[in-house]
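Chemist: Structure below; questions to follow.
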Amino acid sequence: MIREINFDGIVGPSHNYAGLSLGNLASARNAGHVSQPRAAALQGIDKMRSNIGLGLVQGIFVPQPRPAHAWLIELGTTIGEAEHHLAANAMSASSMWAANAATVSPSPDTGDGRCHLTVANLKTMPHRSHEWPATLAQLQLAFAGNAFAVHGPVPPAFGDEGAANHMRLAPSHGEPGVEVFVYGVTGGPFPARQNIEASKAIARLHRLDPGRTLFAAQSEQAIAAGAFHNDVVAVANGPVLFSHEKAFAERDALVEQLAAKVPGFELVEVPDAEVPLADAVKSYLFNAQLATPPDGAMTLVAPTECRDTPSVNAWIERHLASNGAIRRVNFVDVRQSMANGGGPACLRLRVQCDPADVDPRFLVDEAKLDRLAQVIGSTWPSEIATAEIQAPALVADIERARAALLGALDLSVLD
Ligand code: SUG
C-alpha cells in the first residue's frame, strides 16, 4: 500500500547562523546571530508530532557528522586550523533541509516499477556541496530493498538541489503522476541553483515517461526576490498546484499542460496583488507542507510567520472561507530553521512508497520522538555564536551529541 512518508531532517547540534547562502534572504539577514540548536531541534520534533497527530506517516534523517572532517582534509586543513569561513562551511547543519537531499520518483511513475531516488549534488553552495556522500549512505540504508533504486549524484557540472525543485501531481499517491522539474536560468543578482541538464538527467535515470514529465523554468523575478528554490513559491499535492502568480517564467504554458495531463487538476494561485512576492518569501506561505491526511481534508502545514504577515493571513482566511482546495491550515513554529531560510517543507523529503519497505529505524512514532527529544534535550548545545564554532570544547560537544542520537536510534553504523 503506497503512502506518503515525510522524512524530516533532525536539526543537527551544530546549527548556527553563518550567512552562507547567497540569494537566501533569511540566511543573509541573520548572519552572525546566536543560534539555539536545542530549541531548533525540538521545534522540528514538535512539527513531526503535529503531523503524526494528523495521521501522516513520519520518518527521519539523522544529522551529518560535523565538523565535516573528510572535506577539510581534502582542502588540506583541519577544524582547528581552518580559516573561519572554511570552518563555517564545514560546520553547517544544513542537511536538516531534507527537501534538498534527493529527488524522488515513486514506483507508479517509473519504467521499472521501483521508487527511484537521486541524491542531490548541491554543488552551488560550498557548505552544501559536501552533504551528498553522507546523505547517500543514509538513503542506501533507509531504502535498501528491491522496491527502491538509489542513485549517486549527477555530475557536478550541473547543479541539482533535489526535491525542492521537483513537484509531482497525481489523482492519488498510488496512481501514475506527472512530474514537474523546475530549473533556473538566471536569478538576477542571485545564483540559479538548479540546472536543466541535471533535471533532465534525473528524469532519464528514473525512467520516467516523457509524456508525463514536464520541465518548467523559475521566473527570474522569483529567484531575485529570494526564491532560491522553487519550493519557496510553489508546492503540489495530489492533483493540486498551490503557487504564486510569479513563480514560473512561462506560467500559462505550465498550467495548460498540467490541465491536459493531470486528471482533476486544480490550480490554487495566489495573485501578486494579494500577496506580493516579498511577503510570500518572508512568510514562506508556499514552503508549507501540503498533504492529505486520512480524514481527506487537504491541509497546509505552514510556518507561524504566515499568521504574522497580514497579507498572507488575510489570503489564508479568504481561501478557507471560500471552501477552496485547502481545507485546513496548521501553523507550526520552526523559527530557528526559518531564520536560515528553511520552512516546514524544506525540513522534509516526501517519499511515496509502502512504509513496510523502509528500514524501520528511519520511521518514528510518538514514543520514539519522546526518546529523541530526551537525547536532544540533554546533549544538544543550547546556543552557538558563529564566531566560536572552532572552539575545541564545542566541537567535542557536537560530536558527542550526534553519537548519542545515533546510539538511541540504533544507527551508529552511520558513524
Ligand atoms: O540551502 N540554508 C539553506 C536553506 C534550504 C531551504 N530548503 C528548501 N528551500 N527546500 C540553503 O540556502 C543557510 C546556512 C547558513 O547560512 O548558515 C542555508 O544553507
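Chemist: Highest GNM mean-square fluctuation, the chain, Cα pairs closer than 10 Å: which of Ala356, Ala227, Ala259?
Modeler: Top of the fluctuation ranking is Ala356.
Chemist: Okay, next question. Ratio of the chain's C-alpha Rg to 2.2 N^0.38 Å, to two decimals?
Modeler: Details: Rg = 19.8 Å, N = 415, 2.2 N^0.38 = 21.7 Å.
The value comes to 0.91.
Chemist: Output ³J(HN,Hα) for the stretch 83-100: one whole-Hz value per residue in order, computed from phi by the Karplus curve 6.51 cos²θ - 1.76 cosθ + 1.60 with θ = phi - 60°, and x for Gly and Pro.
Modeler: Result, rounded to whole Hz: 4, 4, 5, 5, 4, 4, 5, 8, 10, 4, 9, 4, 5, 4, 8, 5, 4, 9.
Chemist: Tell me, what HN-Hα J-couplings in whole Hz come from the Karplus equation 6.51 cos²θ - 1.76 cosθ + 1.60 at θ = phi - 60° for each residue of the stretch 39-55, using x for Gly and Pro?
Modeler: Per residue, the Karplus-derived 3J(HN,Hα) values read 4, 4, 5, 5, 4, x, 5, 5, 4, 4, 4, 5, 6, 4, x, 6, x Hz.
Chemist: Let me check I have the definition right: for the stretch 1-70, take the eigenvalues of the Cα gyration tensor, multiply each by 5, take square roots. What are those semi-axes in whole Å, largest first? Present the calculation step by step, with values, prior to reporting the outcome.
Modeler: Working: eigenvalues 147, 43, 32 Å².
In descending order the semi-axes read 27, 15, 13 Å.
Chemist: Please tell me the relative contact order of the stretch 67-141 in percent, rounded to the nearest whole number, where contacts are Cα pairs under 8 Å and at least six residues apart. Mind dumping the intermediate values first?
Modeler: Values: 72 pairs, mean separation 17.9, N = 75.
Over the stretch 67-141, the number comes to 24 percent.
Chemist: Here is a follow-up. Please list, ordered by chain and number, the residues whose modelled amide H lies under 5 Å from the amide H of Phe248; skip anything fewer than 5 residues away on the same chain.
Modeler: Counting only residues 5 or more places away or on other chains, the set is Ser219.
Chemist: Measuring with a 1.4 Å probe in the full set of protein chains, what accessible area per residue, in whole Å², belongs to the chain?
Modeler: 36
Chemist: Which cross-chain or sequence-distant (5 or more) residues have an amide H under 5 Å from the amide H of Glu266, H modelled 1.01 Å from N in plane?
Modeler: Under 5 Å from the amide H of Glu266: Val240, Leu241.
Chemist: Leaving out ligands, DNA and RNA, what percent of the accessible area of the chain is carbon and sulfur, probe 1.4 Å?
Modeler: On the way: 7860 of 14950 Å².
Heavy-atom surface of the chain belonging to carbon and sulfur, 1.4 Å probe: 53 percent.
Chemist: If you don't mind, there's one more thing I want to ask. Among Asp252, Asp109, Asp209, which one shows the biggest mean-square fluctuation in a GNM of the chain, springs joining Cα atoms closer than 10 Å?
Modeler: Asp252
Chemist: Quick one: work out the % antiparallel among DSSP beta bridges in the stretch 3-414, nearest 5.
Modeler: Percent antiparallel among DSSP bridges in the stretch 3-414 is about 50.
Chemist: Only Cα pairs within less than 10 Å get springs; with that Gaussian network setup on the chain, which residue of Leu56, Leu75, Leu300 has the largest fluctuation?
Modeler: Evaluated over the chain, the most mobile residue of the options is Leu75.
Chemist: Let a ≥ b ≥ c be the square roots of the eigenvalues of the Cα gyration tensor of the stretch 302-415; is it rounded (a/c under 1.5), or, if not, prolate (a/b larger than b/c) or oblate?
Modeler: On the way: a/c = 2.99, a/b = 1.49, b/c = 2.01.
Cα axes put the stretch 302-415 in the oblate bin.
Chemist: Which of Lys47/Lys368; Lys47/Lys282; Lys282/Lys368; Lys123/Lys261 have a Cα-Cα distance over 24 Å? Mind showing how you got there, number by number?
Modeler: Working: Lys47/Lys368 14 Å; Lys47/Lys282 20 Å; Lys282/Lys368 33 Å; Lys123/Lys261 33 Å.
Result: Lys282/Lys368; Lys123/Lys261 exceed 24 Å.
Chemist: Apply the Karplus curve 6.51 cos²θ - 1.76 cosθ + 1.60, θ = phi - 60°, to the phi angles in the stretch 329-334 and return the couplings in whole Hz, x for Gly and Pro.
Modeler: 10, 10, 8, 10, 9, 10
Chemist: Using modelled amide H (1.01 Å from N, peptide plane; none on Pro or chain starts), what sits under 5 Å from the amide H of Ala149, excluding residues fewer than 5 places away?
Modeler: Distant-sequence amide H within range of Ala149: Cys115, His116, Leu117.
Chemist: Same structure, new question: Testing the spin-label approximation: label points 7 Å from Cα along Cα→Cβ at Arg307 and Ala321. State their distance in nm.
Modeler: Between Arg307 and Ala321, the simple spin-label model gives 1.9 nm.
The values are calculated or read from the model by the stated rules, or taken from the named source; none is laboratory data. From a predicted model like this one, the values you see are computed outputs, not experimental measurements. Heads up, the Cβs are rebuilt from the backbone with ideal geometry, glycines too, and the neighbour counts pull from every protein chain shown. For accessibility, only protein heavy atoms count, side chains too; no ligands or nucleic acids. Shrake-Rupley method; radii C 1.70, N 1.55, O 1.52, S 1.80 Å.
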